[in-house]
Amino acid sequence: MSEKYTLDLLRSLPKQPLPKLEETLALLTEWSQPFLGVSEQKKLADQTAAFKKDDGPALQALLKQRWTETNANWLVPFWRQQTLMTRTPLQATSNFALTVEPARLPNLDQVTMAAKLLQNFADEYLAYIAEEVPVDTDETSKPLDMSSYQYFFRTQRHPGIGRDHLQMTRQATKNVEATVIYHHTLYQIRLIDHAGRVSTLHSLTEALNQIIENPDTDTFFVGSYTGLPRNEAAKLRQLLAISERNQANLRRVSGSLLVLTLLDSSQAITAPSALLGPLDRLFDKTTQVIVASDGQIGFAFEHSQINVQPAISLADKVVNHLSQPADQWDSKGKPHFQQLDWQLDHDIKEALAAAENQNVQLADQLTFASTTEMAFGTQQLQKLGVDPDAFIQIALALTEYHTTGEWRTVAESASLRQFYQGRAEKFSSISQASKQFMSAFTAGQRDAATKQLFDHALHAHQDRLKNVQKGLGIDSHLASLKLLMAQYGGPSVFPAAATFFQSPFLTKFLTDYFSTINLSEQLDFNFIFPPTSPNGYAISYKLYPDQVALAVSAWTANAFEADELLTDFKDSLDTLFAWLAAFEND
């Protein structure tokens, strides 16, 4: 990526601070209190004290050395290591997806829609290389980090045994392809020619029409391996790469700008299908767009090197440009594409068929529900003197307590793009103050004392969020110290650290029951991401002036399906808002 989005921002954006060990451990004690019993708190306190006294300072010193030696973000190597070591299927772990509301889209047929999307992605790619894209800014016009933008294009996360690696093909302004998938068959289509010109609409539509009309399609989809657990995916990819022809094909796919999947009339786009497929997807390619036969579209992203908000911004730009009229050259041009030919022996064919079956089974294990709450939005909440995001998080805590009868972690994601290479930091939004309010509220108390408890809960959430946005969250700090422990000898060298990091009480606190994200972008879409724990739920919300959009995903093995939890969540929002409005009117 050009200097404008890397080196220039390195000079202008602040360096993310390294939290002090004693402050992180103090916050851990405070933040974990709502979830632990008295004996559990004491046990964790003893483990924390031993870690703070014995191994913690040594690991913190190693971390401080890393922080001192880099001008960039000290967290990036740890974040990359942690994400690339994930062994579970990507589409069910860290990927995210969105589908665009039909009303947002122009009335185009599938092929024209797909061709325009390819053109628009190519235009965005070339604009970034030419430094023509303005730097993102926050609400106060301060610049935001854009270093992750370089990973949207021509990148793929390749599976490895124990750890994946990111393949990032050198950026070029000439001879760039896109990968197209239709009916289990992969094609490479020319998107930017030898002179740096984006392919015309005519050349792309002709190529896509020929691809759809091609009767000689593959029986076994090579990309099925990308949906497997990562160690299994690595073994199958290694088998594929034994053939020089297959290896060359895999390199071309890795170097393609993005992946476009075309669906036939038997397949519709939904939020879950955009995320999980299961058919005709390359789950470890960073950017993939899906176009249904009726022209509806979805986007899927592999999350390890990118942020959610820049991905939404990119999708927004691409969708906005769909309505632009074709230029004088778009009626010209010949199609340029090639069907990839694979060498597959019996064992590989069986393995690919088994992989596809596993992907299908996994796709059936997630439920999704979404709705729009019309009773209120940011305007009504602000008139009541209530911070909208804090209100949503308190309602989530109320939902969590209603569904479980106990206290489990509700994690909120906070963007740290105000720092160079800043990603997102999750934090527990349930405080002792919100727990005290919830205990009174669920007991039926609605008096002034309860309102005071609610106000304390609001302020506690705002203070916690501000602390995290300063770069002083605890999750990433603790995860980095744990990775350093493993790198420098493990439990035998750091026994107190091992006891601390293996503590069931620490694990209980760090395991998210609700994983939540506040989507501030105003793009009309359904957003979906998978729960981060086996029995957890993933919840997104968008705050509008007069409404709130809600979405929930849940595993079928969970105690509640997505629509059941969404109903509980909506009831909690309605109950809280009605009480606050009535209290204000009294």
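The values are calculated or read from the model by the stated rules, or taken from the named source; none is laboratory data. What you see is a predicted model, and the numbers here were worked out from it, not measured in a lab. Glycine also receives a Cβ, built like all others from the backbone with ideal geometry; neighbour counts cover every protein chain displayed. Keep in mind that these areas ignore ligands, DNA and RNA; they rest on the heavy atoms of the full protein, side chains included. Shrake-Rupley method; radii C 1.70, N 1.55, O 1.52, S 1.80 Å.
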Residue pairs within 7 Å by beta carbon, gap of at least six or interchain, first lying in the range 565-586 and modelled with pLDDT of 90 or more, second part of a helix (DSSP H, G or I) and open to solvent by 60 Å² or more (accessible area, probe 1.4 Å), listed first then second, are ASP568/HIS402; SER572/HIS402
*Is it the case that some residue within the range 218-225 is open to solvent by less than 70 Å² (accessible area, probe 1.4 Å), hydrophobic (A, V, I, L, M, F, W, C) and either over 31 Å from the mean Cα position of the chain (by Cα) or over 24 Å from MET85 (Cα atoms) (or both)?*
yes
Of the residues that make up the range 9-22, is at least one assigned to a helix (DSSP H, G or I) and either at pLDDT 95 or above or over 30 Å from SER148 (Cβ atoms) (or both)?
yes
Condition set farther than 24 Å from ALA274 by Cα and either in contact (Cβ under 8 Å) with a residue 12 or more places away in the chain or of a type in the set (A, V, I, L, M) (or both), scope the range 208-217, selection most open to solvent (accessible area, probe 1.4 Å): answer is ASP216
Checking ALA274, ALA234 in turn, the sole residue that is touching a residue at least 60 places away in the same chain (Cβ under 8 Å) and in contact with a strand residue (DSSP E or B) (Cβ under 6 Å, 6 or more places away or on another chain) turns out to be ALA274
Residue set PRO134, PRO106; condition open to solvent by 10 Å² or more (accessible area, probe 1.4 Å), free of Cβ contacts under 8 Å to residues at least 12 places away in the same chain and of a type outside the set (Lys, Arg); output residue PRO134
* GLY196: open to solvent by less than 30 Å² (accessible area, probe 1.4 Å) and assigned to a loop (DSSP other than H, G, I, E, B), yes or no? -> yes
Among helices (runs of 4 or more DSSP H) entirely inside the range 301-410, those with 3 or more residues being open to solvent by less than 20 Å² (accessible area, probe 1.4 Å) are 308-320, 346-363, 388-404
Within the range 414-459, the residues that are hydroxyl-bearing (Ser, Thr, Tyr) and either in a helix (DSSP H, G or I) or surrounded by fewer than 19 Cβ atoms within 10 Å (Cβ to Cβ) (or both) are SER434, SER439, THR442, THR450
Restricting the range 226-255 to residues that are of a type in the set (S, T, N, Q) and open to solvent by less than 40 Å² (accessible area, probe 1.4 Å), the one farthest from the chain's Cα centre (by Cα) turns out to be SER243
In the set SER273, SER293, SER304, the lone residue that is among the hydroxyl-bearing types (Ser, Thr, Tyr), modelled with pLDDT under 95 and under 15 Å from THR112 (Cα atoms) is SER293
Checked ALA292, ALA300 against criteria (under 14 Å from the mean Cα position of the chain (by Cα) and among the hydrophobic types (A, V, I, L, M, F, W, C)); the one match is ALA300
Scanning the range 1-46 residue by residue, those β-branched (Val, Ile, Thr), surrounded by 13 or more Cβ atoms within 10 Å (Cβ to Cβ) and more than 27 Å from ILE129 (Cβ to Cβ) turn out to be THR24, THR29
